[in-house]
Amino acid sequence: MPLSPEVRRLRERCARTKRELAVRLSGKHNYDIKVQQLMKAARSGTKDGLEKTKIAVMRRVSFLQRKDQLGKDQEDDAGYLDVAVSEVKHPPPQLSPMPEGLTSQQVVRRHILGSIIQSERSYLESLRRILQEYHRPLMEADPRILSPRKIRPIFYRLREITQCHSMFQIALASRVAEWDSSEKIGDLFVASVSVCACACVRVCVCAFCDMLKNTPKGHVDRLPLQLALTELEMLAEKLNEQKRVADQIAETQQLARSVSDRLLSKQLNSEQGSLVLCETLIETVYGERGQVLKSKERKVFLFDDVLICANINVKGPPDISSLVPVGPKYTMKWSAPLQQVQVVEVGQEGSQNKDTLFQQSGAKRPGPACASGKAILGPPRLYQELQELQHDLSVVEEVTLLVGTLQGTYQNLNTTVAQDWCLALQRLIRIKEDQIQSANKCRLRLQVPGRPDKSGRPVSFMVVFNTPNPLSKISWVNRLHLAKIALREENTPGWLCGEDDGKTMAPFWYPLLACRMPVFATKSLDRKVTALHNPVHCALLGFSAASTSLPQGYLWVAGGGDGSQGQLEIFSLNRPTPRAVKSLQLGSPVHCLDYVPEPSPSEDMEAGAERTPLEIGSTVCVGLNDGSILVYGSLDTAAQCLLTLHNPEGCPVLCLKHSPRFLFAGLRNGMAAPVRTLLVLEDSVWASCGNSVTVIDVSSLTTQKFEVHPDPMVSVAHMVRAGGGVWMAFSEGSSIRLFHTETLELLQEINISTRSALLNPGQKNMRVTSLLICQGLLWVGTAQGFIITLPVPKLEGIPKITGKGMISLNAHCGPVDFLVATASALSPNLLKRDSVADGPDSACGGEDRSDTSSQESLQQSSSAQGDGRGKGRGVLLQYKLRSTSGLPGRPLTATGDEASDSSLESLEHSVEDGSIYELSDDPEMWVRGRSCERDGGRRDRVTSAAVISGGKGFRRLKEGASAGTRTSGEGLENTLMVWQLPLTV
């Protein structure tokens, strides 16, 4: 006889109760001990929190971690004990009333702590509500809605997370109760981040950044806050990376289901391809005259070797068999190999090859423009109109010369009026150039290969996508450029990763070797090089050029050895590869370089010093072996020597660093040993001398000395700073050490030989020859030519090594002489959606991108004007002159003396006729009917970064080999290797 439902439920409940009792009897004692440890750590942290923090960081608090002892189905419940937390015995944390006499920083810290308390309380309440209102009803439903096997992934470890946060709230309440007396919170988060995630990682990271800014140096909570910020940043990076990979897999799988090409579908389903970028863009189809024919949303996928465009199909019944929505379905429209896809900007059509170009979704029969091998796409005839204006300017300049030869004096025809015509045409040319640049800002124009025609001639078609904003366009151009670089032989693979058990990998997000080139025209056997980046903003750099070129500015590379002469090479970086622009011969070998930017007025006021009569702006200082320091102007490539400094003893200058008030030079004849390296912090300068470092206070010039290495025969060779720590490398040995900038304590020590052992198992005597920190990576150059990168935090925490490193398979044949970071921010004008002179009332072919209909109407009207069929009023050539009535002579007119005043006024420049080109007080600042907005309201910042290494020769390394493949003829030549990083948006 079958059992009734009530009997079955009773038996299941009895079995569940037995299991819970067994777990309680076996694990209650151990669990109570773990909870006691957590509470003890919270209470004792107030007394000796700094020591507890260090132990927690080294040991990674693990008293709430457990080993999986049960099967996969019961993994979520293994070791879990439901402990009821009474709010009567353990009330939620709550700040006491604010006492009087607090400083502004203490008030801000209290407010930040209050926001953390509120965020954690809200998060815990949400967790409990999910368990009570969703998890329990699903588990106790009869009949069952979902099986436990399906419920478990939805609420994965939710009870355990809730319990951890309950314990964390108890510990937080203990700290909050003692806040006014101790003001310490950082070490509690250090001990808790590895156990339970905070309520919102992003909110906590921002809160701790603000807390750190308002915590003065020397405060007991400053180092714990820096360590807590580091732990939170590591957690945020891990979560973001996991989300990125999950989104990438989901998008790729969704696309693979829609691809009819079996080979491409198999490639997408495999792990060979990697999704770099995908976004919904609007494909726009233009007519032969530039009018918008139609537009439609497309999903564009950029993989590491192929570009795919797909239709978005939102029709069809939903898939009810899946708990998670599957998202939109795609229908592949076309795909193209990445190497054959080209970005084409407005005005660059003529520079492309002679393949037939036509709009993909246009008419089957190409129009006259397409038949000539050139398509008119986007804003009509902008580039042609620019050429017409340039032609007219040259003609008017000739007319101006002829007007100057007139014998008579005429009020409205003289040299002043003719020069005003020239200025007006120059302004129109600037307007047209800005319109061309604006047309490029949100339009991604791609030349894609198509099927050959009947004669076998290769055919390409042009696709125009409208991006949501200029930042999207910048990202697409930059990712397309870097994805092509990643396909080169030297980047497949480019790095050997330690966490992959010796597997070689070349992910897109790793630094990519963009190019390599010789430093000097002549080879030298004993020439050691040093370098620096001289940032110079180039306002003429185009939109796509800014997205693909190296950081703007110049690279100064100086060489010198034991000889009697030195050499200085200057490279321009305003392009994808450096270009040599200047070479200087010096009378002595060069040891060091330092870029000194022009001080701002605020820095001059803080320094309390008057400006020198010599206004030289930004400079580059060059330290020579003969003891002199050469000061060069850095604003252009003329590289004129503006000043020469000498030290009385003529001792070689080994290093140079500047502060707002001083230029510090490290000499070979130091007090006890040579001063080999200098490091400038906010209010101090660190100078290495032997195995110790001297900290010089910039304001008072007082010094403090501390030892950084136990061996007196070892000296500090390199120092780099990030956040609250300084990494040091030494003249001997393969270890690098991290010291705190404020307490001067040793925080971490890493042996880089273990990283290079993956490549050369028998390699010994590894020595560090260069150090650099750039965009979350600690770059280490070695005497063997290897380049190693180690991950470090990017924020103002402690830059400790947070993971296993990578070693580059592209190396030098000799020591890595230098590692230089180059970085620059793109011009804010590139990030503005519309031009300064463009508006909805544009009269010169501009357009308002906020509305498609307005685009079409403006383009049609502008096209009609360009064809000569428009009936609108022409543009009056006027720049400075508002009227010619004040000029000498009579108006030159064919109406005679009986002309009325109104007819005479029509011959001169009137304010009304030129109202659309209203001028500001500065004639160089042209605006249209409104004042100039210099920076606008946007705060977007796009940073371009690259790392350049210098050393002798180039070689490709192989796993397990002591030497790699050396390129013939480059073994003894000083070589630059340029590593390009993705733009940070």
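Throughout, read-outs are computed from the coordinates displayed, never taken from laboratory work. Because the structure is predicted, anything quoted here is derived from the model rather than measured. Here Cβ is always computed from backbone atoms with ideal geometry, including for glycine, and neighbour counts include all displayed protein chains.
For an R0 of 35 angstrom, estimate the FRET efficiency from the Cβ-Cβ distance between GLU87 and VAL203 and round to the nearest 0.05. Walk me through the numbers on the way to the answer.
Working: r = 24 Å, r/R0 = 0.68.
Given R0 = 35 Å and the Cβ-Cβ separation, E is 0.90.
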Go through 295-306, 124-135, 548-559 and give me the packing order, highest mean Cβ count within 10 Å leading.
-> 548-559, 295-306, 124-135
Of 722-728, 788-794, 468-474, ordering from highest average Cβ density within 10 Å down gives 722-728, 788-794, 468-474
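Nearest 0.05, what FRET efficiency do LEU131 and ARG257 give at R0 = 30 Å with Cβ-Cβ as r? Working shown, then result.
Values: r = 35 Å, r/R0 = 1.17.
It comes to 0.30.
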Spacing of the two label points (7 Å from each Cα toward its C-beta) at SER115 and GLN390, in nm = 5.2
Which Cα, out of THR162, LEU188, ILE151, lies furthest along the positive dipole direction of the stretch 148-193 (beta carbon charges, K/R +1, D/E -1)?
-> ILE151
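Working out 0.36 nm times the residue gap between ALA15 and LEU972, then minus their Cα-Cα distance, what length gain in nm do you get to one decimal?
On the way: separation 957, 0.36 × 957 = 344.52 nm, distance 7.78 nm.
So the extension gain works out to 336.7 nm.
What list do you get for HIS740, HIS718 if you sort them by fewest beta carbons within 10 Å?
On the way: HIS740 16, HIS718 22.
The order, fewest Cβ neighbours first, is HIS740, HIS718.
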Output ordering of 485-491, 695-701, 745-751 (per-residue mean of other Cβ within 10 Å, highest first) is 485-491, 745-751, 695-701
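How much net charge surrounds ARG298 when only the other residues with a Cβ under 10 Å from the Cβ of ARG298 are counted, with Lys and Arg +1 and Asp and Glu -1? The partial results should precede the final answer.
Values: positive: LYS296, LYS299, LYS333; negative: GLU279, GLU283, GLU297.
Local net charge: 0.
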Give, in nm to one decimal, the length gained when the segment between LYS582 and GLU749 is fully stretched (0.36 nm per residue of separation minus the Cα-Cα distance).
-> 55.9 nm
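Would you mind ranking CYS774, CYS206, CYS442 by Cβ crowding within 10 Å, fewest neighbours first?
Working: CYS774 23, CYS206 14, CYS442 19.
Going from least to most buried by this count: CYS206, CYS442, CYS774.
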Additional length obtainable on full extension of the chain from GLU178 to GLU682, 0.36 nm per residue less Cα span | 178.2 nm
